[in-house]
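**Q** Dropping a structure here in C-alpha cells format, bear with me for questions.
The values are calculated or read from the model by the stated rules, or taken from the named source; none is laboratory data. Not measured: the values here are computed from a predicted model. Every residue, glycine as well, gets a Cβ built from its backbone with ideal geometry; the counts of neighbours run over all protein chains shown.
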Amino acid sequence: SAVISQKPSRDICQRGTSLTIQCQVDSQVTMMFWYRQQPGQSLTLIATANQGSEATYESGFVIDKFPISRPNLTFSTLTVSNMSPEDSSIYLCTTSRAREGTQYFGPGTRLTVL
Amino acid sequence: AQSVTQLGSHVSVSEGALVLLRCNYSSSVPPYLFWYVQYPNQGLQLLLKYTSAATLVKGINGFEAEFKKSETSFHLTKPSAHMSDAAEYFCAVREGGYNKLIFGAGTRLAVHP
C-alpha cells in the first residue's frame with residue numbers, strides 16, 4: 001500500500017479566493033488522481049496527474065478552475081480557483097501502484113466555502 | 001464505458017444479522033472491482049478487491065464478496081453485523097487500462113441493537 005498525506009486537512013475559505021491542496025506520497029508513483037466528494041455524494045474523478053505531462057481532466061472539470069501540478073514522482077497539488085459555495089467538498093488525492101489499479105486514498109481535505 | 005450501480009442508498013440491519021450490499025457493474029472488458037468503506041469523517045479504506053483470480057474474495061473485518069459474471073454482480077456480504085460496521089460503502093470498477101476508478105453512489109449501512 002501507499003501512505004498518502006494531504007495538507008491542509010480542512011479549511012474554510014471566502015468566496016472568490018483560491019486554495020491549493022498538497023498531496024505527498026511516501027514513495028515514487030507514476031499516476032496520481034484527484035477526486036471530489038460533495039456532501040452526501042459519491043466520489044467523482046477530477047483529473048489524473050502524471051509526472052512530466054499535463055494533467056488529464058474528466059468531463060466537467062477544466063484546468064482554469066482546477067489547475068494541477070506534478071513536479072516530481074511523490075508530490076502533487078490541486079488548486080481550487082475562484083471558489084464558490086458549490087466547491088464545498090472533500091478533495092481526495094490517490095495513487096495506484098498495483099497492476100489491477102488498487103487506489104490508496106489520503107485522508108482528504110475538507111473544504112468549506114462561505 | 002464502465003459503470004457501477006449500487007442498489008439501495010440506505011440499508012439497515014440488526015446487530016448479528018446478515019449484511020448484504022448490492023453492486024452491479026457494466027464493463028466491456030473483464031473488470032477489476034473494489035469495495036471501499038468510509039467511516040464518518042474519515043477517508044476511504046479498501047475492504048477487498050476482485051482481480052480475476054478467485055471469484056469469492058475475502059476482505060478485512062469479516063467481509064467478503066462474490067464475483068458473478070453471469071449476473072454482472074459483485075455483492076458484499078458479512079454473516080453477522082457489528083455496530084462498528086456502520087459506515088458508507090462504495091463499490092468501484094477500474095476503467096480500462098487507465099487505473100482510474102468509477103464509483104457507485106454508495107450505500108449507507110446502519111446497524112441497530
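**Q** Can you pull out the residues in segment B:70-81 that are in a strand (DSSP E or B) and of a type in the set (Val, Ile, Thr)?
**A** Let us first name the residues in segment B:70-81 that are in a strand (DSSP E or B), namely B:73-78.
Correct list: B:Thr77 only.
Results for (1) surrounded by fewer than 17 Cβ atoms within 10 Å (Cβ to Cβ); (2) more than 12 Å from chain A (Cβ to nearest Cβ), shown as yes or no for each residue.
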position	(1), (2)
B:Val4	no, no
B:Cys23	no, yes
B:Pro30	yes, no
B:Leu33	no, no
B:Tyr36	no, no
B:Asn41	yes, no
B:Ala65	no, yes
B:Ser80	yes, yes
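**Q** Being of a type in the set (Phe, Trp, Tyr) and within 26 Å of A:Ser89 (Cβ to Cβ) is the filter; apply it to segment B:33-63 and report the residue that is modelled with the lowest pLDDT.
**A** So, considering only residues that are of a type in the set (Phe, Trp, Tyr) and within 26 Å of A:Ser89 (Cβ to Cβ), the one modelled with the lowest pLDDT is B:Tyr39.
Conditions tested, residue by residue: (1) over 24 Å from B:Tyr36 (Cα atoms); (2) out of contact with any Leu (no Cβ under 7 Å at 6 or more places or on another chain); (3) of a type in the set (Phe, Trp, Tyr).
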position	(1), (2), (3)
A:Ser69	yes, yes, no
A:Ser76	no, yes, no
A:Glu86	yes, yes, no
A:Thr102	no, no, no
A:Gly108	no, no, no
A:Val113	yes, yes, no
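**Q** Kindly indicate the residue of segment B:82-102 that is touching a residue at least 60 places away in the same chain (Cβ under 8 Å) and not in a strand (DSSP E or B) and also surrounded by the fewest Cβ atoms within 10 Å (Cβ to Cβ) among those meeting that condition.
**A** B:Met83
**Q** Picking from B:Lys78, B:Lys49, which residue would you name as being in contact with a Phe, Trp or Tyr (Cβ under 6 Å, 6 or more places away or on another chain) and over 23 Å from B:His112 (Cβ atoms)? Even if it seems obvious, please write down each step before you answer.
**A** On the way: B:Lys78 fails: over 23 Å from B:His112 (Cβ atoms).
That would be B:Lys49, the only listed residue that is in contact with a Phe, Trp or Tyr (Cβ under 6 Å, 6 or more places away or on another chain) and over 23 Å from B:His112 (Cβ atoms).
**Q** Across segment A:58-71, what is the total count of residues that are more than 12 Å from every other protein chain (Cβ to nearest Cβ) and of a type in the set (Ser, Thr, Tyr)?
**A** 1
**Q** From (1) of a type outside the set (Asp, Glu); (2) buried (at least 17 other Cβ atoms within 10 Å of the Cβ); (3) more than 14 Å from every other protein chain (Cβ to nearest Cβ), pick out the condition that doesn't hold for A:Gln22.
**A** (2)
**Q** Can you tell me how many residues in segment A:25-43 are surrounded by fewer than 16 Cβ atoms within 10 Å (Cβ to Cβ) and either within 14 Å of chain B (Cβ to nearest Cβ) or free of Cβ contacts under 8 Å to residues at least 40 places away in the same chain (or both)?
**A** Residues that pass the stated criteria total 5.
**Q** For segment A:1-19, what are the residues that are farther than 14 Å from B:Leu44 by Cβ, among the small types (Gly, Ala, Ser) and surrounded by 13 or more Cβ atoms within 10 Å (Cβ to Cβ)?
**A** The answer is A:Ser5, and nothing else.
**Q** Still on this model: Can B:Val57 be described as more than 14 Å from chain A (Cβ to nearest Cβ) and either within 22 Å of B:His112 (Cα to Cα) or part of a strand (DSSP E or B) (or both)?
**A** Details: more than 14 Å from chain A (Cβ to nearest Cβ): no; either within 22 Å of B:His112 (Cα to Cα) or part of a strand (DSSP E or B) (or both): yes.
No, not satisfied.
**Q** A further question on this structure: Is there any pair with a first residue in segment A:80-100 that is away from chain B (no Cβ under 14 Å) and in contact (Cβ under 8 Å) with a residue 24 or more places away in the chain and a second that is among the small types (Gly, Ala, Ser) and surrounded by fewer than 16 Cβ atoms within 10 Å (Cβ to Cβ) whose Cβ atoms are under 9 Å apart and which are 6 or more apart or on different chains, and what are they?
**A** A:Val80/A:Ser18; A:Ser81/A:Ser18; A:Asn82/A:Gly16; A:Asn82/A:Ser18; A:Met83/A:Gly16; A:Met83/A:Ser18; A:Ser84/A:Gly16
**Q** Can you tell me how many residues in segment B:60-69 are part of a strand (DSSP E or B) and not acidic (Asp, Glu)?
**A** 3
**Q** Right, something else. Against the definition (surrounded by 14 or more Cβ atoms within 10 Å (Cβ to Cβ), away from chain A (no Cβ under 11 Å), modelled with pLDDT of 90 or more and assigned to a loop (DSSP other than H, G, I, E, B)), how does B:Ala105 come out, yes or no?
**A** No, not satisfied.
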